[in-house]
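The values are calculated or read from the model by the stated rules, or taken from the named source; none is laboratory data. Computed from a prediction, not measured in an experiment: that's the story for all the values here. Counting neighbours? That spans all protein chains shown, and the Cβs are built from the backbone with ideal geometry, glycine included. In case anyone asks, the SASA skips ligands and DNA or RNA and just uses the protein heavy atoms, side chains included. Shrake-Rupley method; radii C 1.70, N 1.55, O 1.52, S 1.80 Å.
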Amino acid sequence: MKAAKTKKIAAKSKAAAKTPSKSKASLKPSLKTKAVKAAATRRKLDPITLSVVRGVLETTQREMTLALEKTARSSVFNLAHDYSTAIFNAKPEMILQGQDIPIHLGSLMPAMKAVAAYFGDDIHEGDLILHNDPAFGGSHAIDTCMYKPVFYKGKLVYWTVCKGHLTDIGGPVPAGYNPAAKDIFAECLRIPPVKIWDKGKPRNDVLNMIFTNMRARRDQEGDFNALIGACQVGERNLLAMLDKYGKPQVDDCVGELLDMAERHMRSLIKEVPDGTYEGIAILEDAGHGFGDFEIKAKVTIKGDGCHIAITSPPQIPYFINSYEGNSHSGVYLGLMMFAQLPPPYNEGLYRCVSLDFGPKGTICNAKEPAPHMNCTTTPMETLTDAVRLAFEKAVPSKVSASWGHANGLNIAGWDKRHDEEYVTMVLATIISGAGATPKQDGWHAVGPECCFGALTSGDIELLEYSYPIIIHKYGLMEDSGGAGEFRGGSGTAWEVEPLDSEMTFIMFGEGRRIPAVGAAGASSAMVESKVGRLERKIGGKVEVIKDNIIGTIKPGETVTNKNPGGGGFGHPFKRSVEKVVWDVKNGLVSVKGAKEDYGVVIKDGKSLAVDMAATNKLRAAAH
């Protein structure tokens, strides 16, 4: 029976990309029963109308996203696109998630429920709610979220929701990431659910209090206005849809889209052999001194349901603890990397999945006052790896390599051009390589894993225009992609110098000692070039830094942030000699890397002539 199910899903995974899932498996029959009953009460849907309503929802979400990009003030929004949007119904269930940042989207579901529960019946037309607190289901506090209830004919029908990474959120360290924080109060301004508009009237006293506690106020006000505008765009389009198609018909369509996503997930889970599968990933010590940690994911499959249980060590006084809302995102991304389902993407996907994050007070289920600001990358990416590895034990044919983890940099200083402080997260510094698959090499410069290709670097010239800096280098790194029959994608190097005054830099993340995990026998002999690191150059001397620190440089000095590549797939000695030579020719692999990682001996670095006798001997010795 198990063999038959494995063969069936293996065949499907070869034919096309597939699906994700969420809650408790057959352990949650009540949800399935409710969905079946709800579907039975619906009128028969016209497929054309269903498609049109689905298109309106998807277009509304995309227009919300574009509104954010085109009206935002900071480079984190308008260049890097570190934001996400979603639409919820009145229950509230996520009826459409944007194809945005994975670390935002999973946590939006528990956060939306926490916000709605907090206000209860005190929700009115014209309200606008702000929130960032991880204790209320948020991710990390610098990801600030706005929730706009949408009323139609006097009744709450939807919520439009926007979340974005601000450049600052108060606290002692610019940009919020404080490696020295021992608790959450040393990191940020915590904002539990609070109305910033009350029945259509802006609460300027509340807004002023918030902005007064943030650096670079002009950026924060501009990004707040962009979030507000995007919520309003969503509201406008949803009301127009109801006017045109009528609430009963739209409700039926939304219900069917939720059920459709559920069917996709249940269909995938049903094909996975019943049983329990465990994945383990290592969370490296990036400067806290407590050593490396194991994060375990135990996936139990029963019928068309799935239960995912997470085991992690006790929380520590360092900024890598993840509260429950954020951990939802890590688990769901691991599931979706395995499932690869087609749209629609909504909360229906997760009806058949139940989660257990372990006891409160652990790294993946933190409790107050644990510091947490780094949690959206660390430990989120390690948690994602553990979940994905567990699923891939169930269906080895769907295995793929890990993406490079985030190893990033924030910068801050004084902008003499405007006589004001500047602060930003430089998203270009976390652009790593993607993992290889059974069919192809990993993509270059699309990571990190937590964002899964949704971030963009932005034009170098625009970053230099926005801040008093000069960027000397931004490009792919030689020998950074994990070795394999299919090579991992290359990571990036980003070198910066302040123009006319001292600049503070703040390091966060990891992946500086343990490279991205390969698959199907992939391994790298040259490890150092495949992990992240920061190089500070002062007076011609280069210092390599691998711990998360806060430092400074002056004009004439530089820091270069180097990001890891993705993991490889398959034994590297199976990679064709021609492909290895092509990689060397294009600067992706060095002559040394060709020999040590791939067993290809290149006699001459100029002609790239290969010594086939030495190559065959070297490769044969490995078997």
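Rolling a 1.4 angstrom probe over the protein heavy atoms, how many square angstrom per residue are accessible across the chain? Intermediate results must be reported in sequence, preceding the final value.
Numbers: 23280 Å² over 623 residues.
Dividing the accessible area of the chain by its residue count gives 37 Å².
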For this session: Determine, at each q value in 0.16, 0.20, 0.24, 0.30 (inverse angstroms), the log₁₀ of I(q)/I(0) that the Debye formula gives when each Cα of region 207-270 is one equal point scatterer.
Result: -0.73, -0.81, -0.97, -1.12
Problem set entry | region 92-135 - convex hull of the alpha-carbon atoms, volume per residue in Å³ | 97 Å³
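Could you state, as a whole-number percent, how many of the C-alpha pairs of region 407-514 are farther apart than 15 Å? Intermediate results must be reported in sequence, preceding the final value.
Numbers: 3808 of 5778 pairs.
Tail of the P(r) past 15 Å holds 66 percent of the pairs.
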Problem set entry | region 391-450 versus region 566-604: alpha-carbon centroid distance in Å | 24 Å
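Pop the C-beta distance of LYS416 and ALA622 into the FRET formula with R0 = 45 Å and round what comes out to the nearest 0.05.
After rounding, the FRET efficiency stands at 0.20.
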Exercise. Ranked highest first by average number of other Cβ atoms within 10 Å, how do 379-391, 459-471 line up?
Worked result: 379-391, 459-471
Seminar exercise, completed: Rg from C-alpha atoms of region 211-353, normalised by the globular rule of thumb 2.2 N^0.38 Å, equals 1.45
Problem set entry | In sequence order, calculated HN-Hα J values of region 585-597 (Karplus, 6.51, -1.76, 1.60; Hz; x Gly/Pro) | 4, 9, x, 8, 9, 7, 4, 5, x, 4, 6, 6, 8
For this session: Just tell me which aspartates and glutamates come within less than 15 Å, Cα to Cα, of LYS439; anything on the same chain fewer than 8 places away is out.
Result: GLU485
Problem set entry | Other-chain or far-sequence residues with amide H under 5 Å of THR377's (modelled H) | none
Seminar exercise, completed: Long-range amide H partners of ASN365, meaning residues 5 or more apart or on another chain whose placed amide H is closer than 5 Å, are SER322
Exercise. Any number yet on Rg/Rh for region 484-623, C-alpha, Kirkwood?
Worked result: 1.08
For this session: Calculate, in whole percent, how much of the Cα-Cα pair population of region 132-218 lies beyond 14 Å.
Result: 69 percent
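Among 75-83, 297-305, how do they line up from the highest to the lowest mean number of other beta-carbon atoms within 10 Å? Walk me through the numbers before you get to the answer.
Working: 75-83: 24.1, 297-305: 21.2.
Listed from highest to lowest mean packing, they are 75-83, 297-305.
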Problem set entry | Bins of 5 Å from zero: percent of alpha-carbon pairs in region 390-463 | 4, 14, 17, 18, 15, 10, 8, 5, 4, 3, 2, 1
Exercise. Short version: ³J(HN,Hα) in whole Hz for each residue of region 408-424, in order, from phi by Karplus 6.51 cos²θ - 1.76 cosθ + 1.60 (θ = phi - 60°), x for Gly and Pro, what are they?
Worked result: x, 9, 9, 10, 7, x, 10, 9, 5, 5, 10, 6, 8, 6, 10, 7, 7
Exercise. log10 I(q)/I(0), Debye, Cα-only region 44-110, no solvent, q = 0.11, 0.18, 0.29 Å⁻¹?
Worked result: -0.32, -0.75, -1.22
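With Cβ to Cβ distances under 13 Å as the rule, what net charge do the other residues near MET425 carry (K, R +1; D, E -1)? Could the numbers behind the result be given before it?
On the way: positive: ARG215; negative: ASP82, ASP143, ASP168, ASP219, ASP223.
Local charge sum for MET425: -4.
Sort 422-429, 562-569 by the packing proxy (mean of other Cβ within 10 Å over each peptide's residues), most packed first. Mind dumping the intermediate values first?
Details: 422-429: 25.6, 562-569: 32.8.
Per-residue Cβ counts within 10 Å, averaged per peptide and sorted highest first, yield 562-569, 422-429.
On a 31 Å Cα-Cα criterion, which of the cross-link pairs LYS546/LYS617; LYS163/LYS579; LYS70/LYS148 come out too long?
Values: LYS546/LYS617 37 Å; LYS163/LYS579 42 Å; LYS70/LYS148 20 Å.
Checking Cα-Cα distances, LYS546/LYS617; LYS163/LYS579 exceed 31 Å.
As a test of the formula, what do you get for the chain when each DSSP H run with n ≥ 4 contributes -39,500 (n - 2.57) and the sum is divided by the residue count, at 222 nm and rounded to the nearest 500 deg cm²/dmol?
Numbers: 14 runs with 202 residues, N = 623.
Value at 222 nm, helices only: -10500 deg cm²/dmol.
Would you mind checking LYS155/LYS367; LYS199/LYS360; LYS113/LYS153 for any pair whose Cα atoms are more than 26 angstrom apart? It would help to have the intermediate numbers written out before the result.
Working: LYS155/LYS367 36 Å; LYS199/LYS360 37 Å; LYS113/LYS153 23 Å.
Beyond 26 Å: LYS155/LYS367; LYS199/LYS360.
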Exercise. What is the log10 of I(q)/I(0) for region 63-176, computed with the Debye formula using one identical point scatterer on each Cα and no solvent, at q = 0.23 Å⁻¹?
Worked result: -1.35
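What does the charge count around ALA621 come to, taking other residues whose C-beta lies under 14 Å from its C-beta (Lys +1, Arg +1, Asp -1, Glu -1)?
Surrounding charge for ALA621 is +2.
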For this session: List the residues whose amide H sits under 5 Å from the amide H of GLY305, counting only those 5 or more places along or on another chain, with H placed 1.01 Å from N in the peptide plane.
Result: SER26
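Using square roots of five times the C-alpha gyration tensor eigenvalues, list the equivalent-ellipsoid semi-axes of region 339-393 in whole Å, biggest first. Display every interim value, and only then the final one.
Working: eigenvalues 122, 40, 32 Å².
Listed largest to smallest, the semi-axes of region 339-393 are 25, 14, 13 Å.
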Seminar exercise, completed: Over all pairs of different Cα atoms in region 308-373, the reciprocal of the mean inverse distance gives a Kirkwood radius in Å of 12.8 Å
Seminar exercise, completed: Calc'd 3J(HN,Hα), region 180-188, phi into Karplus 6.51 cos²θ - 1.76 cosθ + 1.60 (θ = phi - 60°), Hz, glycine/Pro = x, comes to 8, 5, 9, 8, 5, 6, 8, 10, 6
Seminar exercise, completed: Between the modelled labels at GLU543 and THR49 (7 Å from Cα along Cα→Cβ) the distance in nm is 6.8 nm
Exercise. When all C-alpha to C-alpha distances in region 294-450 are sorted into bins of 10 Å, what percent of pairs does each bin hold, rounded to whole numbers?
Worked result: 10, 33, 33, 16, 6, 2, 0
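What net charge is computed for the residues neighbouring MET112, neighbours being all others with C-beta under 13 Å from the C-beta of MET112, Lys and Arg scored +1, Asp and Glu -1?
Values: positive: LYS91, LYS113, LYS148, LYS163; negative: GLU93, GLU347.
Local net charge: +2.
Would you mind telling me the share, in percent, of accessible area of region 101-200 contributed by carbon and sulfur at probe 1.4 angstrom?
Working: 1520 of 2720 Å².
Looking at region 101-200 in its full context, I get 56 percent from C and S.
Counting each pair of different Cα atoms once, what's the Kirkwood radius of region 176-282 in Å, rounded to one decimal? Please report the intermediate quantities before stating the final value.
Details: mean 1/r = 0.0514 Å⁻¹.
One decimal place: 19.4 Å for the Kirkwood radius.
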